[in-house]
Amino acid sequence: MASESPGDGPGGPPTVLVLASGRGERFRAAGGATHKLRAPLAGVPVLDRTLAAVRASGLPWHLEDRGHAGMGRSIAAAVGATPDAAGWLILPGDLPLVRPGTLRAVAEALRRSAGGAVVPRHGGRQGHPVGFPATSGEALRALDGDRGAAPVLQRLREAGRARWLDLDDPGIAHDIDTPEDLRRAERFLAGRATGPA
């Protein structure tokens, strides 16, 4: 069942769309014992860690977990469920290392983007959440299939209406697709906990 935190309307911050509809087949095929979003990461399920960062960001959010076929359909449903949003930050639920400040930074960049998209990047790698303006609502609601919002982003890029946002957050590109990804995330968290303040 989807859950939602109210937004502030067209002039407010964008809404974070947390996508949790996938079946996690790759994780199980690689030896995972459970759905990847329920897999424990340092004792806390992956999705719970992602949602904790979203809540801590202070942004409005919506969890899309109704089992749609394909990421495109999940995005379309989530955008359709938040029609009054001032824009959207699309965040797969399997990014448990993303920081709350990163979400706020993408939201602020989207607010200043004059109707363009914002694509976060760390160390040359594209990550999430990708920010889309409210003017992309119709195109996002029409999505289907497994390519996510890539077709909408491509059209914005071709129109010169997408920009990179370089961030110091490796969590934007550290998704959990296999048990090995989960182990790498465990090591990352352990290093962050023992590293310099």
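The values are calculated or read from the model by the stated rules, or taken from the named source; none is laboratory data. Note that the coordinates shown come from a computational prediction; the quantities given were computed from them, not determined experimentally. Don't worry about glycine lacking a Cβ; one is built from the backbone with ideal geometry, like all the others, and counts go over all protein chains shown. All accessible areas refer to the heavy atoms of the entire protein, side chains included, with ligands and DNA or RNA removed. Shrake-Rupley method; radii C 1.70, N 1.55, O 1.52, S 1.80 Å.
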* Looking at segment 173-184, is at least one residue within 29 Å of residue 83 (Cα to Cα) and open to solvent by 50 Å² or more (accessible area, probe 1.4 Å)? -> yes
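So, residue 150, is that one without any contact (Cβ under 8 Å) to a residue 24 or more places away in the chain and closer than 23 Å to residue 77 by Cβ or not? Full working, then the answer.
On the way: without any contact (Cβ under 8 Å) to a residue 24 or more places away in the chain: yes; closer than 23 Å to residue 77 by Cβ: yes.
Yes, satisfied.
For every residue, the table says whether it meets (1) farther than 23 Å from residue 74 by Cα; (2) surrounded by fewer than 15 Cβ atoms within 10 Å (Cβ to Cβ); (3) in contact with a Leu (Cβ under 7 Å, 6 or more places away or on another chain).
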| position | (1), (2), (3) |
| --- | --- |
| 96 | no, no, yes |
| 103 | no, no, yes |
| 109 | yes, no, yes |
| 118 | no, no, yes |
| 134 | no, no, no |
* Candidate set: segment 53-62, residues that are in a helix (DSSP H, G or I) and among the hydrophobic types (A, V, I, L, M, F, W, C); chosen: the one most open to solvent (accessible area, probe 1.4 Å) -> 56
* To do: May I ask you to verify whether residue 67 is out of contact with any helix residue (DSSP H, G or I) (no Cβ under 7 Å at 6 or more places or on another chain) and at positive phi?
  => yes
* Considering only residues of segment 74-89 that are open to solvent by 10 Å² or more (accessible area, probe 1.4 Å) and in contact with a helix residue (DSSP H, G or I) (Cβ under 7 Å, 6 or more places away or on another chain), which is farthest from residue 59 (Cα to Cα)? -> 80
* Enumeration of residues in segment 63-117 that are among the β-branched types (Val, Ile, Thr), in contact with a Phe, Trp or Tyr (Cβ under 9 Å, 6 or more places away or on another chain) and not in a loop (DSSP other than H, G, I, E, B) -> 75, 79, 90
* Criterion: more than 15 Å from the chain's Cα centre (by Cα) and either over 14 Å from residue 131 (Cβ atoms) or not hydrophobic (A, V, I, L, M, F, W, C) (or both) - qualifying residue of 81, 56 -> 81
* Asked: Is one or more of the residues making up segment 138-145 more than 25 Å from residue 46 (Cα to Cα), open to solvent by less than 10 Å² (accessible area, probe 1.4 Å), at pLDDT 95 or above and not hydrophobic (A, V, I, L, M, F, W, C)?
  -> no
